[in-house]
Amino acid sequence: MTDEILRSHCEQIDACNQRGGRMLSIVDMLEAGTVSEELAAYLLAAISGGSSFMTGALPGGAGKTTVMCALLNFVPADIELAVADSGQTIQSGLAHPSPKRCYICHEIGKGHFYAYLWGQALRSYFSLAAAGHILATNLHADTFQQAFDQVCGENAVPQADFRRMNVVAFISLARQGERTGRTIAEVWESDGAAPHKLIYRAETGLDKSALVGERELSKAAQVVKKLLSSGARTVEEVRKFLLESYLKKD
């Protein structure tokens, strides 16, 4: 991957920045306890394998966009990030399944903000996965039922399209002394055909996955440990490390 492609990838992530300062990476989240090593390995293996993903939290400022952006570093090396900023962009993706892209919806919401999608635009966005693209987004929801009701109920996204959102992670907030701690509390998974099932709880860990085999999970776990000891921290450094050690093509 050239420096220009790496720069473009990271610029798309930075464009989601809502709080200013440096965008946090998966290393920051591992050290803060937002993500466990076991869960990071699962997410790395699933997303690098082409899984679409969504993060959820009901309150604003819970970190759903930040987590989504950190996970964008896990997409395959040859996948370009693209913003689903208009109906025209989405229709272009539907008409041109190649090259495969990861389309980012900055938030599922009614507001007239950049790359927020609702209604027909959201239904078209979800259909991008059936065309072969990867989806990455977030929404205001604390539970899977809330997310399902919002996407398939309020927005009438077909359940078949919703199931192609392979990984759905929910973030919880808790006071830790004088600061607020953020933790991915639950992750739900679908292989794209079956209904989602609860695959991870922070209290009990990871269950058997339909997306990630034991061999892939073990390999990803080794990479996560190496990443933590590599000195990489920024979004740019983490993406470069993963490209050189894990995401590169054989």
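What follows is calculated from the coordinates using simple rules that are stated; it is not laboratory data. Since the model is a prediction, treat every value here as computed from it, not as a measurement. Glycine gets a Cβ as well: all are built from the backbone with ideal geometry, and neighbour counts include every protein chain shown.
With q set to 0.17 Å⁻¹, the log10 of I(q)/I(0) for the stretch 1-69, from the Debye formula over equal scatterers at the Cα positions, is -0.75. Across all directions, the average flat footprint of the convex hull enclosing the Cα atoms of the stretch 97-198 is 7.4 nm².
Here r is the Cβ-Cβ distance between Ser92 and Ala193 and R0 is 25 Å; the resulting FRET efficiency, rounded to 0.05, is 0.40. Rounded to the nearest Hz, the phi-derived 3J(HN,Hα) couplings of the stretch 19-26 under the Karplus curve 6.51 cos²θ - 1.76 cosθ + 1.60 (θ = phi - 60°) are 10, x, x, 6, 5, 7, 9, 5, where x marks glycine and proline. Between Pro99, Pro195, Pro59, the residue with the greatest mean-square fluctuation in the GNM of the chain (Cα pairs under 10 Å linked by springs) is Pro99.
Which of rounded, prolate or oblate describes the stretch 1-119 when judged by the alpha-carbon gyration tensor and an a/c cut-off of 1.5? Because a/c hits 1.5 or more and a/b fails to exceed b/c, the stretch 1-119 counts as oblate. Please report the base-10 log of the normalised intensity I(q)/I(0) for the stretch 3-247, using a Debye sum with one equal scatterer per alpha carbon and no solvent, at each q in 0.13, 0.17, 0.18 (1/Å). Summing over Cα pairs of the stretch 3-247 leads to -0.74, -1.37, -1.57. Distance from the Cα centroid of the stretch 51-65 to that of the stretch 81-123 is 17 Å (rounded to whole angstrom). Of all lysines in the structure, those lying under 17 Å Cα to Cα from Lys226, and not within fewer than 8 positions of it along the same chain, are Lys240, Lys248.
Of all DSSP beta bridges confined to the stretch 3-247, the antiparallel ones make up roughly 45%. Name the residue from Ile104, Ile47, Ser86 whose Cα lies farthest towards the positive end of the charge dipole of the stretch 1-111, charges +1 on Cβ of Lys and Arg and -1 on Cβ of Asp and Glu. Result: Ser86, furthest along the dipole toward the positive end. If the reach is capped at under 15 angstrom between alpha carbons, list the aspartates and glutamates near Lys100, excluding any in the same chain fewer than eight residues apart. By straight Cα distance, Lys100 reaches Asp78, Glu80.
Modelled this way, with points 7 Å down the Cα-to-C-beta line, the labels at Asn17 and Ala156 are 4.0 nm from one another.
The coefficient of translational diffusion for the stretch 46-114, derived via Stokes-Einstein from the alpha carbon Kirkwood radius under 20 °C and 1.002 mPa s, stands at 161 µm²/s.
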